[in-house]
1. If I go through region A:161-185 residue by residue, how many of them are surrounded by fewer than 23 Cβ atoms within 10 Å (Cβ to Cβ), within 11 Å of another protein chain (Cβ to nearest Cβ) and not in a helix (DSSP H, G or I)?
2. Looking at A:8, A:38, A:23 in this structure, which one is within 22 Å of residue A:192 (Cα to Cα), without any contact (Cβ under 8 Å) to a residue 12 or more places away in the chain and of a type outside the set (D, E, K, R)?
3. Does residue A:84 count as closer than 24 Å to residue A:65 by Cβ and without any contact (Cβ under 8 Å) to a residue 40 or more places away in the chain?
4. Would region A:87-108 turn up any residue that is assigned to a helix (DSSP H, G or I), without any contact (Cβ under 8 Å) to a residue 40 or more places away in the chain and among the β-branched types (Val, Ile, Thr)?
5. Has region B:206-219 got any residue that is modelled with pLDDT of 95 or more and within 14 Å of another protein chain (Cβ to nearest Cβ)?
6. Scan region A:1-44 residue by residue and report those that are of a type in the set (Phe, Trp, Tyr) and within 26 Å of the chain's Cα centre (by Cα).
7. All but one of (1) in contact with a Lys or Arg (Cβ under 8 Å, 6 or more places away or on another chain); (2) away from chain A (no Cβ under 12 Å); (3) of a type in the set (A, V, I, L, M) hold for residue B:177; state the number of the condition that does not hold.
8. Please tell me if residue A:145 is surrounded by fewer than 18 Cβ atoms within 10 Å (Cβ to Cβ) and more than 26 Å from residue B:29 (Cβ to Cβ).
Amino acid sequence: MDFFSESLQTALGLIAAHDPDVLNAVTVSVVVSIWSTLFAALAGIPAGVALGVADFPGKRVAVTFLNTLMALPTVVVGLFVYSVISRQGPLGGYGLLFTPQAMVIGQTILAVPIMANFTLSTIKGADPRIIPTALTLGAGPFGSVCRLVVELRFGIMAAVIAGFGRVIAEVGIAMMLGGNIRGYTRTMTTAIAMETGKGEFALGLALGLILMSVALIVNLFLNFLQQR
Amino acid sequence: MKPLRTLTLALTALVILCSSAGAEERLKLSTTTSTQDSGLLKVLLPPFEQKHNVKIDVIAVGTGQALKLGEAGDVDVVFVHARKLEDRFVADGFGVNRKDVMYNDFVIIGPKGDPAGIVKAKSAAESLKLIAAKGATFISRGDKSGTHTKEKELWQAAGVEPKGNWYVEAGQGMGPVITMATERQGYTLADRGTYNAFKGAKTDLVILFQGEKGLFNPYGIIAVSPAKHPHVKYDLAMRFVDYVTGPEGLKIIADYKAHGEPVFFIYKK
């Protein structure tokens, strides 16, 4: 059996047939990842900028801490959020477990350190004269930091892309907090894990190929934004 | 800024996309991988969902975890197979109204060559004794599932404490364990439904022991107790239980076939 060509055929077949299960899983994957990326950007980019431009005692500790958070295993994030939103947990009353919202919470936590770190490196590598120049030209302290962010948009967009890549590819959080519910919280990655479990290796790999194609399309769009 | 406008537009579209879902009521069901992987739920759930305009969220895990989800109140109803654990679940007050649904049976599968010679065994316990004596590879679920619980009972009956290089604790579902047993050419205990789904293209292992009374595998359905967890949808859960154990549900279960063979059997009244 030629395993890979069989997968490729299956993938094309699924796309051609507009398979509703696959379409649904793609939609859930993309929508959840975009929301997580958005929320993570709102928290992670300002955090990265703050760490990059401000000077305060304990900054090195904070940066080391941030670097450590890059190594967060998805199952640990999943378990942590699980314990908070399960009916037994402090936020149990909202019934969030096994919903797309739960996945967004988990994946946001996963992506924040990545985005903060990428933003921080971009700022470290930037021309140190940007802020003084902006200040000389009459911008306020806040305005000059904004100027810096605009100048560095390419690098900051890279942070967003890295965060998006991490969340759309992960399976631990989606499985644990989403529960792999068909048509509701089943993502491409949890579907792949499930099909592998059922021994449907070719179908699993086919879904993997579709996931990569979707990621390519999203990245082309982000790239388009980045180049402007 | 133009990119900003594009982004806003995309986000608005997303919000609409998200809010359009979730109009109907949702019932959370935790169950074992065997009911989902066998394909039964795909035919059993839709008639009920349509009739009551409800969406059933299926969380397919091992029986142990499925019951834990019920204990925590994270699901409304559980559909599992480990009679002892189910009875404890009810006795501890987490579930009410346990009802029998259906049954199938466990089989011991292994390589065609049968290195431990268990074909000649008179009982499941004797089979395991022979496997242990030979030190032949045995893959255990090791995940506190219904199948794992049954397997532990059998080892106990055999008077053997499974330990050693030959005894592999996979910690995974039935499908991955059959795949692993196939790759390692070892023995394992499997439910007949999942084995039938794998037989042929996905595994070359064969049934080497079957048909003993002790390998009977009953499935039960239990609504989570509203006394323990006031937020559970008890009424809807009971309606679902009545549907599954009523004539309509039982007929679907009895008629369901995978690869031309029935997977689950219902009790004769």
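1. Count: 4.
2. A:23
3. Values: closer than 24 Å to residue A:65 by Cβ: yes; without any contact (Cβ under 8 Å) to a residue 40 or more places away in the chain: yes.
So residue A:84 fits the description; yes.
4. No, every residue in region A:87-108 fails to be assigned to a helix (DSSP H, G or I), without any contact (Cβ under 8 Å) to a residue 40 or more places away in the chain and among the β-branched types (Val, Ile, Thr).
5. Looking for residues that are modelled with pLDDT of 95 or more and within 14 Å of another protein chain (Cβ to nearest Cβ), one finds none in region B:206-219, hence no.
6. First, pick out the residues of region A:1-44 that are of a type in the set (Phe, Trp, Tyr): A:3-4, A:35, A:39.
Across region A:1-44, the qualifying residues are A:35, A:39.
7. Residue B:177 satisfies all of (1) in contact with a Lys or Arg (Cβ under 8 Å, 6 or more places away or on another chain); (2) away from chain A (no Cβ under 12 Å); (3) of a type in the set (A, V, I, L, M) except (2).
8. no
The values are calculated or read from the model by the stated rules, or taken from the named source; none is laboratory data. The shown structure was predicted, so the numbers you read here are calculated from the model rather than taken from an experiment. When we count neighbours, we look across all protein chains shown, and the Cβ atoms used for this are built from the backbone with ideal geometry, even at glycine.
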